[in-house]
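The values are calculated or read from the model by the stated rules, or taken from the named source; none is laboratory data. Predicted, not measured: the structure shown is a model, and the values here were computed from it. Cβ placement follows ideal geometry from the backbone for every residue including glycine, while neighbour counts extend to all protein chains displayed. Heads up: the accessible areas ignore ligands, DNA and RNA and are worked out on the full protein's heavy atoms, side chains in. Shrake-Rupley method; radii C 1.70, N 1.55, O 1.52, S 1.80 Å.
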Amino acid sequence: MFRTNVSPNDPAEEHPTIGLIGMGAMGAMYAKHLSNAGWKKISVCDIPAKFESLKLQYADVPGITVHQDGHAVSRISDFIMYSVEAEYIDRVVSQYGPSTKVGAIVSGQTSVKAPEKDAFEKYLPPDVHIVSLHSLHGPTVSPEGQPLVLIQHRAPDSSLHLVENIFRCFGSRFVYLTYEDHDLVTANVQAVTHAAFLTMGTAWASQRAYPWEQGQYVGGIETVKVNIMLRIYANKWHVYAGLAILNPFARIQIDQYASSATALFKLMLAGDEQGLRTRVYDAREQVFGTVKTERAPIFLTEDVLDQFTIGGHPKLNGSPTTSSAPPSNSHLALLAMVDCWAHLKIQPFDHLDLAATPIFRMWIGVAEYLFRSPNRLDSAVRSAVYDVTHRSDDLEFVIAARGWSQCVSFGSLELYKRRFLETASFFESRFEEASAIGSEMIKAISQS
C-alpha cells in the first residue's frame with residue numbers, strides 16, 4: 001500500500017500507477033493536469049480503434065503510457081478512473097472491472113452517479129476499494145478553485161487520503177458527498193440550469209435568427225444568456241443528456257421548469273399584472289428572502305459584462321440602434337427559473353459554495369441581479385404583461401421548454417441527441433467566438 005501523503009515530488013518508484021480508462025475530453029484533461037503536475041506512472045486507454053492515434057498523441061508527454069485496452073490498465077493500476085459516458089458505464093465496467101488489480105482504488109468521472117454505483121457494485125471484485133469523484137466543470141475550464149466531488153463509498157480512510165493527494169495538484173476544492181447526495185445536488189445545480197439554456201437556444205433557432213446581432217439580447221444579463229447558451233451547444237450532447245435522463249432527480253425538476261414557464265406565460269397572455277406580480281414576488285421571497293444581505297453579489301456590473309458581448313456591442317461597433325438602450329424584456333427564462341426553485345423548495349444558495357459549476361454560478365448571479373432589485377423585477381413584470389416586443393420569443397420559449405421536458409420524460413438518449421444537434425447546427429458558425437469570449441467571462445466572474 002502506498003503512503004497516503006505521496007506526492008509528485010517523491011521518487012518515481014514511490015508513485016502509484018494511475019489508470020485512466022476513457023480518453024475523451026475529460027479523460028484528456030485529467031491526463032494533462034496529472035502529467036503537468038509530475039506524476040510519473042499514468043496508464044491510459046480508450047477504445048482499441050484509437051490505440052495507434054493515442055500512442056502518437058502522447059508519445060512525447062511525460063509520465064503517460066498508452067495501453068491497448070482497459071484490461072491492461074486495470075491489471076497494473078493502483079488507482080483507476082473510468083471516464084466514460086454514463087450510458088456506457090455498465091458495459092465498460094462489466095468488461096474491464098473483473099481485471100482490476102487486488103487492493104486498487106476505483107473511481108468514475110460520470111456526471112450521473114446512480115448508474116456508476118450500480119455498475120461498480122455489480123462488477124468490481126470485493127477486494128478493491130471505491131472512491132468516486134466528479135469535477136464540476138467542463139474540460140476547457142481550469143480546475144483551480146472549482147469543486148471536485150469525492151465519494152468515499154467502499155473504502156477505508158487511507159484510500160480516500162491517497163485520492164486526495166493524487167488530485168491535490170488540480171487546485172480544486174474537495175467536496176465530500178455520498179452517491180445519492182451527489183445526484184440530488186447536481187440535479188439542483190445543473191439539470192434546470194441546462195434546461196433553461198437549451199430552451200433558449202431551441203427557441204431562437206426556431207425563429208432562424210441570431211437576435212443579439214439585431215439589437216436584441218445585448219448587454220448585461222443578455223450577455224450572460226447568449227454566451228452560456230452558445231457554450232452549452234458547442235459542447236458534447238451526451239454531457240447534458242446523461243444528467244437529464246439518467247439522473248433520477250433531474251426529470252422532476254425539468255418538468256417543473258416547463259410548468260413554471262407555461263403558468264407564467266398564461267398570466268402574461270391574460271394581462272394579469274397583479275397575478276403575475278404576486279407569483280413572482282412569492283418566489284422571490286422563498287428563494288432570496290433568507291439570503292444574507294451582507295454576502296457580496298455574484299453578478300458583475302453590466303458595463304463589465306458588455307465587454308463579453310458576442311459580435312461586439314452595437315453601441316461600440318457602429319451598428320445602428322433605434323434607442324439608447326435595448327428593448328425591455330420579460331426575462332421569462334429567469335422568472336421561470338426562480339419560480340421552479342420556489343415550487344420545488346430548492347435553496348440554490350445552499351449549493352453555491354458546496355458544488356456550484358461555473359455556469360450555475362453565473363445563472364444564479366443574473367437571477368439574483370434581477371430579483372434582488374424591485375425596480376428591475378417590476379420592469380420585467382410590466383414588460384411581460386404590456387410590452388409585446390418579445391412576446392413571440394416568449395411563445396417560442398414556452399414551446400421549447402415543454403418540448404425539452406417531454407423529450408426527457410421519454411427517456412430516449414437518441415431523441416435527446418437529435419434535438420440537441422439540430423439546434424446546435426444552427427449556431428455552429430458562432431461557436432469559435434463564443435468559446436473564447438465565454439471563457440474570459442467565466443474567468444472574470446470567478447475572480448470577482
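Does anyone have the angle between helix 391-410 and the longest principal axis of the chain? Alpha-carbon axes, 0 to 90°, nearest 10? Between helix and principal axis, roughly 30 degrees. Counting only protein chain heavy atoms and rolling a 1.4 Å probe, the accessible areas of F51, F79 rank, largest first, as F51, F79.
Carbon-plus-sulfur accessible fraction, the chain (probe radius 1.4 Å, protein heavy atoms only): 51%.
Between L415 and A25, the contour length at 0.36 nm per residue exceeds the Cα-Cα span by 138.1 nm. For a modelled paramagnetic label at C169, 7 Å from Cα along Cα-to-Cβ, the residues of the stretch 30-57 in reach, with backbone nitrogen under 12 Å, are 30-43.
Sorting the segments 362-370, 63-71 by their mean number of nearby beta carbons within 10 angstrom, highest to lowest, gives 362-370, 63-71. What is the calculated FRET efficiency for D378 to A209, with r their C-beta to C-beta distance and R₀ = 30 Å, to the nearest 0.05? The value I calculate is 0.55. Averaged over its residues, the chain has an accessible area of 41 Å² per residue, based on protein heavy atoms and a 1.4 Å probe. Length gained on full extension, Q406 to S429, computed as 0.36 nm times the residue gap minus the Cα-Cα distance: 5.5 nm.
A Förster distance of 25 Å, applied to the separation of the beta-carbon atoms of K122 and R75, puts the FRET efficiency at 0.80.
Report, in whole Å, the centroid distance computed from the Cα atoms of the stretch 350-421 and the stretch 89-152. Between the Cα centres of the stretch 350-421 and the stretch 89-152 lies a distance of 31 Å. Pairs from the table (K50/K236; K101/K122; K32/K55; K40/K101; K236/K417; K32/K113) lying more than 21 angstrom apart at Cα are K32/K113.
When the chain is treated as a Gaussian network with alpha carbon springs shorter than 10 Å, the biggest mean-square fluctuation among E52, E428, E222 belongs to E52. The trypsin sites (Lys or Arg not before Pro) found in the stretch 371-436 that occupy coil by DSSP, while having at most 15 further C-beta atoms within 10 Å, are R372.
In terms of the mean number of neighbouring beta-carbon atoms within 10 Å, the peptides 257-264, 340-347 order highest first as 257-264, 340-347. Once semi-axes √(5λ) of the Cα gyration tensor in Å is calculated for the structure shown, the corresponding label among (1) 42, 22, 20; (2) 39, 26, 23; (3) 45, 23, 21 turns out to be (1). Once the Cα atoms are used to define both axes, helix 413-427 deviates from the longest principal axis of the chain by about 60 degrees. When nucleic acids and ligands are ignored and a 1.4 Å probe is applied, D10 ends up with an accessible area of around 40 Å².
Helix 221-233 axis versus longest C-alpha principal axis of the chain: approximately 40°, rounded to the nearest ten. Students often forget the sequence filter, so: which lysines lie under 28 Å Cα-Cα from K266 once same-chain residues fewer than 8 apart are removed? Leaving aside lysines fewer than 8 places away in the same chain, those within reach of K266 are K225, K345.
Take every DSSP beta bridge whose two residues both sit in the chain; close to 20 percent of them are antiparallel. Does the stretch 2-150 classify as rounded, prolate or oblate by the C-alpha gyration tensor (a ≥ b ≥ c root eigenvalues; a/c under 1.5 gives rounded; else a/b over b/c gives prolate, otherwise oblate)? In terms of gyration-tensor shape, rounded.
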